[in-house]
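Engineer: I am attaching a structure below and will ask some questions about it afterwards.
What follows draws every value from the coordinates through simple rules; no lab data is involved. The structure displayed is predicted, hence computed values, not measured ones. Cβ: placed from backbone, ideal geometry, glycine included. Neighbour counts: every protein chain shown.
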Amino acid sequence: MAKRNGKARLYWRERGGAPRAYGDFRDFTAEGGKREPLIPPGETLAATNADVAQVLIAARLKELESIRRERQLLGVRRRSTLFEYAREHLIAKAKAGKVTDGWLEAAEVYLSRAVDYLGAERNLAAITVGDVRGWAEHLASLPSRLGGTTSGGTIRHHLNALSNLYRRAQGEGYVLPGYNPVAALMDKPTAERHEAKWLEVHEAALLIEAARTMTLRRADLAIPFLHPLVATMLLTGGRKSEVLGLEVSDLSFDRKTVTFRVNDHRRLKTATSARVVPLWPQLEEILRPYVFGQDRPPTRLLFPARSGSEERMITNFDKALDQLAIRAGFWEYVLDAEGKPVKGKAGQPRKSGTITSKQFRHSYCAARLQTLDQGAPVSIYTVGRELGHGGETLVKRVYGHLGQVRHRSEVVEYRVEHFTRELEERLALLRL
């Protein structure tokens, strides 16, 4: 087809009572060109001014010519819009089976926001570093659930999701090798680093005692094994999904071990997550009567969900932890964006537990670092391997904590009788 000049490309259509500018780019069909409205940035309708339309034609031609040059001279073989390729990328991630459903759901949210801001019909190769910078600034202005604005860590998650998409696009020929506008962005936002919340040994002992003495008001709705569950998390350092996915066969009372491995109910996070950790004496004392008791359901899972006949994992026990934390004195008022207590149905300020399953993993690491291994302080590498890490870096940087109450022992244990002075008042309230 003969090359059109600028005037021949421009034509007009009546839309909403006014002539609207359209461009004819059908000589760039392979690059995605077609008859399309010439819409100025920030607007939703095609332009009505001829000078503006000519500027938009020139910009669109520059983009299409760049795509053609990349395809013919530099090896970009394919073309896709951001919306189309984001969908393909997520499908490919799901088929590979190397990420969790939670990761996929989060990535879908992040990429949907990228599509909304950058444009569903934007060509992947046409998105620039400036576009990505503008998106990051836009995200920083959005309100968060806690009343502020989007944190640097959350913005970084969004950018990482888009960057991961461009890594795939490079390999599949949708953009030039090395083309990644996210990677080229300088001064990316980062999360603020704070020491994670964790429990000292005497606090963990109080929590286990609170779980042991807790009365179930609704046995049909409550978690009947909250005591062994909390003890297992605190005494193995396992991740939430790892502990909830434990099977009875993963326990060995003869070898005194707990084995974390892949099974039909859940995967493991990394290749180093498959590991064997000690079955500490206190945990054995709690789990032995639970495992061999008559009340435990005959299931493969150590902590099975109660509803239905199909055996499945528990996915959430946050409410049970809230009740346990309130009972043990670990609680705070729920505050709104202005810092005022939120009132419940009865008009009283709502309380919320401050205990999460993530804190149990940190608490185990802190307690394990205080133990002895054949009379000498335990190796940081040993602690890292028990947590499922490939080395000791994360123990030093993230999981290692130094508490005010030191408790040197040959084993990890949280026994209230060792801390009667520290816990005297709280134990008295607990047993009222």
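Engineer: With N denoting the number of residues in region 186-264, provide Rg(C-alpha) divided by 2.2 N^0.38 Å, to two decimal places.
Structural biologist: Expressed relative to 2.2 N^0.38 Å, the Cα Rg reads 1.48.
Engineer: Which of Val52, Val277, Val262 ends up with the largest GNM mean-square fluctuation for the chain, with Cα atoms connected below 10 Å?
Structural biologist: Result: Val52 has the largest fluctuation of those listed.
Engineer: Further question: Over the chain, what is the mean sequence separation of C-alpha contacts under 8 Å (at least six apart), divided by residue count, expressed as relative contact order in percent?
Structural biologist: In percent, rounded to a whole number, it is 12.
Engineer: Tell me what the chain gives for mean residue ellipticity at 222 nm when only DSSP H runs of n ≥ 4 count, each as -39,500 (n - 2.57), the sum divided by the residue total, rounded to 500 deg cm²/dmol.
Structural biologist: Here the helix-only value at 222 nm equals -13000 deg cm²/dmol.
Engineer: Here's something else I'd like to know. How big is the charge dipole of region 186-324 about its Cα centre, in debye rounded to the nearest 20, if each Lys and Arg gets +1 on its Cβ and each Asp and Glu gets -1 on its Cβ?
Structural biologist: Taking the Cα centre of region 186-324 as origin, the dipole is about 320 debye.
Engineer: Sorted from largest down, what three extents in whole angstroms do the Cα atoms of region 6-73 have along their principal axes?
Structural biologist: 44, 21, 19
Engineer: Most mobile of Leu61, Leu234, Leu207 per a Gaussian network model of the chain (Cα springs, under 10 Å)?
Structural biologist: Leu61
Engineer: Can you give me the pair-distance distribution of region 201-430, C-alpha pairs, 10 Å bins, whole percents?
Structural biologist: In whole percents, the pair-distance histogram is 7, 30, 36, 21, 6, 0.
Engineer: Can you give the charge dipole size of the chain about its Cα centre, rounded to the nearest 20 debye, using +1 on the beta carbon of Lys and Arg and -1 on the beta carbon of Asp and Glu?
Structural biologist: The calculation lands at about 1160 debye.
Engineer: Given 0.36 nm per residue, what is the gain on full extension from Asp187 to Thr270 after removing their alpha carbon distance, in nm?
Structural biologist: 27.0 nm
Engineer: What shape does region 387-429 have by the C-alpha gyration tensor, where a ≥ b ≥ c are the square roots of the eigenvalues, rounded means a/c under 1.5, and otherwise prolate means a/b greater than b/c and oblate the rest?
Structural biologist: prolate
Engineer: What ranking do Tyr290, Tyr399 get, fewest neighbouring Cβ atoms within 10 angstrom at the top?
Structural biologist: Tyr290, Tyr399
Engineer: What dipole magnitude, in Debye to the nearest 20, does region 377-432 give about its Cα centre under +1 on Lys/Arg Cβ and -1 on Asp/Glu Cβ?
Structural biologist: 160 debye
Engineer: What FRET efficiency, computed as 1/(1 + (r/R0)^6) with R0 = 25 Å and r the Cβ-Cβ distance, is obtained for Val52 and Glu121, rounded to the nearest 0.05?
Structural biologist: 0.80
Engineer: Let me ask you something else. Match the structure shown to one of the listed values (1) 4, 20, 30, 27, 14, 4, 1, 0, 0; (2) 4, 12, 14, 12, 9, 7, 6, 6, 6, 7, 6, 6, 3, 1, 1, 0, 0; (3) 4, 16, 21, 20, 15, 11, 8, 5, 1, 0 of P(r) over Cα pairs in 10 Å bins from 0, in percent, computed from it, and give that label.
Structural biologist: Step by step, P(r) over Cα pairs in 10 Å bins from 0, in percent for this structure corresponds to label (3).
Engineer: Mind computing the radius of gyration and Dmax over the alpha-carbon atoms of region 18-143? Å is fine for both.
Structural biologist: According to the Cα coordinates of region 18-143, Rg and Dmax are 17.1, 53 Å.
Engineer: Of the residues Ala114, Ala328, Ala47, which exhibits the maximal mean-square fluctuation in a Gaussian network model of the chain defined by a 10 Å Cα contact cut-off?
Structural biologist: Ranking Ala114, Ala328, Ala47 by mean-square fluctuation puts Ala47 first.
Engineer: Which three numbers, in whole Å and largest first, are the semi-axes of the equivalent ellipsoid of region 82-171 derived from its Cα gyration tensor as √(5λ)?
Structural biologist: Its equivalent ellipsoid spans semi-axes of 22, 17, 10 Å.
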